[in-house]
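Written below as structure tokens is the structure these notes are about.
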Amino acid sequence: MSKTIKKIGVLTSGGDSPGMNAAIRSVVRTCAYHNIGCVGIYRGYQGMIEGDFKELGPRSVNNIINKGGTFLKSARSQEFRTPEGRKLAHENLVKEGIDALIVIGGDGSFTGGLIFNTEYDFPVIGIPGTIDNDIYGTSHTLGYDTALNTVVEVIDKIRDTASSHNRLFLVEVMGRDAGHIALNAGIGAGAEEILIPEEDLGLERLLESLKKSKTTGKTSSIVVIAEGDKTGKNVFELKDYVESNFPEYDVRVSVLGHMQRGGAPSCFDRVLASRLGVKAVESILEGKSNLMVGLLNDKIELTPLEQAIKGHTEINKELLRVSDIMSI
Ligand code: F6P
């Protein structure tokens with residue numbers, strides 16, 4: 001039987017992403033709407049272990065819908081990986097009167113939540129927050145849309161200098177295990193070639209494509225590379241490789257890095273965060289647990305946390321083909 005929920009704890013964990021603040025705001029205000037308490041847990045699971053808590057009301061989350069990052073701060077807690085750490089965390093939650101947990105983060109954060117639930121039968125609901133968009137059970141994770149827009153904006157600027165100097169730019173974007181940012185931002189920014197972790201297109205193909213670019217009259221080129229791509233070479237080694245095969249190419253490397261995780265969330269991410277927060281709180285109030293809220297066919301749906309963690313997000317093959325055709 002599910003217990004009566006009087007107070008919900010909310011935390012952000014793992015890599016931050018734009019829209020996390022908007023999601024916290026939504027959780028806090030939905031709790032207030034339903035007349036239950038809400039406690040912000042600082043620095044993710046580490047703050048749970050250290051009892052770093054603060055009661056939050058609707059006015060505590062004023063003016064944050066437009067802010068990147070997470071005001072609750074985020075951490076990757078090693079201590080929470082231990083049974084001792086989780087025991088301390090549980091004791092603190094009980095002391096604070098927190099009855100359920102909303103975890104905003106990626107699959108690592110959800111794994112922590114699931115283990116915690118198994119050990120302490122503590123209700124947990126996940127909200128997917130990562131720019132990588134690699135969580136099963138949602139078409140969009142929080143921050144992904146903003147990151148795409150950031151990357152496209154930056155590559156547009158790189159294009160200006162690429163075309164002024166007739167250069168080839170290799171642009172590395174985030175995505176340790178997933179190519180969603182590279183593929184979508186690559187198409188959006190008009191990249192000649194896109195390298196992603198899910199498909200090994202091979203170095204030969206890259207050379208072929210660059211050769212074709214030259215012969216068809218292109219004077220500058222942009223290649224977008226996900227950090228986890230499968231060529232076996234990092235972006236600087238790729239530069240050397242291209243230059244040794246095509247000495248006529250003037251190659252430059254741009255590693256976009258953490259700028260992709262910052263900045264004001266897009267309208268899409270703000271709306272998504274607001275919807276996910278409402279559903280997360282109301283799911284807990286309905287006695288649900290071990291689920292992730294996500295966006296599927298423009299509806300907010302629930303997916304078992306275990307599936308969200310283990311499920312595989314497929315790369316859209318149609319996009320690979322579109323990219324091929326566009327770079328003719
Ligand atoms: O998980 C999101 C992500 O942006 C990855 O694409 C990237 O490899 C990683 O975070 C970088 O994380 P950190 O902040 O630990 O360097």
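The values are calculated or read from the model by the stated rules, or taken from the named source; none is laboratory data. Every value quoted in this text rests on a predicted model; they were computed, and no experiment measured them. In this analysis, Cβ positions are derived from the backbone assuming ideal geometry, glycine residues included, and neighbour counts consider all displayed protein chains. Calculation scope for accessible area: heavy atoms of the full protein, side chains included, ligands and nucleic acids excluded. Shrake-Rupley method; radii C 1.70, N 1.55, O 1.52, S 1.80 Å.
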Protection proxy (average C-beta count within 10 Å per residue), highest first, orders 241-250, 289-298 as 289-298, 241-250
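Dividing the alpha-carbon radius of gyration of the stretch 1-106 by 2.2 N^0.38 Å (N being the number of residues), what value is obtained?
1.02
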Everything considered on the Cα gyration tensor (a ≥ b ≥ c; rounded for a/c under 1.5, else prolate if a/b is larger than b/c, else oblate), the stretch 145-261 must be described as oblate
Restricting to Cα pairs under 8 Å and 6 or more apart, the percent relative contact order of the stretch 145-261 works out to 38 percent
Mean accessible area per residue over the chain (1.4 angstrom probe, all protein chains present, square angstrom) is 44 Å²
For residue 7, the lysines lying under 23 Å Cα to Cα, once residues fewer than eight places off in the same chain are dropped, come out as 54, 73, 87, 95, 279, 288
Between the Cα axis of helix 235-245 and the main Cα principal axis of the chain, the angle (0 to 90°, nearest 10) is 10 degrees
Here the relative contact order (percent) of the stretch 1-158, from C-alpha pairs under 8 Å and at least 6 apart, is 28 percent
Taking R0 as 56 Å and r as the Cβ-Cβ distance between residue 66 and residue 204, the FRET efficiency 1/(1 + (r/R0)^6), rounded to the nearest 0.05, comes to 0.75
Ranked by GNM mean-square fluctuation in the chain (Cα springs under 10 Å), the top entry among 141, 130, 313 is 313
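Once R0 is set to 22 Å, what does the formula 1/(1 + (r/R0)^6) return for the Cβ-Cβ distance between residue 79 and residue 307, expressed as a FRET efficiency to the nearest 0.05?
Working from the Cβ atoms, E equals 0.20.
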Given 88-94, 222-228, the highest-first ranking by average Cβ count within 10 Å works out to 222-228, 88-94
Of 125, 194, 36, the most mobile residue in a GNM of the chain (C-alpha springs, cutoff 10 Å) is 36
For the stretch 260-273, Karplus-derived ³J(HN,Hα) couplings (6.51, -1.76, 1.60; θ = phi - 60°; whole Hz; x for glycine and proline) come out as 5, 8, x, x, 5, x, 5, 4, 4, 5, 5, 5, 4, 4
Those cysteines in the chain that have no second cysteine Cβ within a distance under 4.7 Å are 267
Carbon and sulfur atoms account, in whole percent of the 1.4 Å probe accessible area of the stretch 145-261, for 46 percent
Binned at 10 Å from zero, the C-alpha pair distances of the stretch 60-119 give percents of 17, 47, 28, 7
Quick shape check on the stretch 178-328: root eigenvalues a ≥ b ≥ c of the Cα gyration tensor, a/c under 1.5 is rounded, otherwise prolate if a/b tops b/c, else oblate, and it reads prolate
Scoring the chain by relative contact order with C-alpha pairs under 8 Å, at least six apart, yields a percentage of 24 percent
If N is the residue count of the chain, its Cα Rg over 2.2 N^0.38 Å rounds to 1.10
tail above 14 Å in the computed P(r) of the stretch 263-328, as % of all Cα-Cα pairs, reads 70 percent
With 0.36 nm assigned to each residue of separation and the Cα-Cα distance removed, residue 161 to residue 258 gains 32.7 nm
Expected field for residue 43, accessible surface area in Å² at 1.4 Å probe radius, rounded to 10, holds 70 Å²
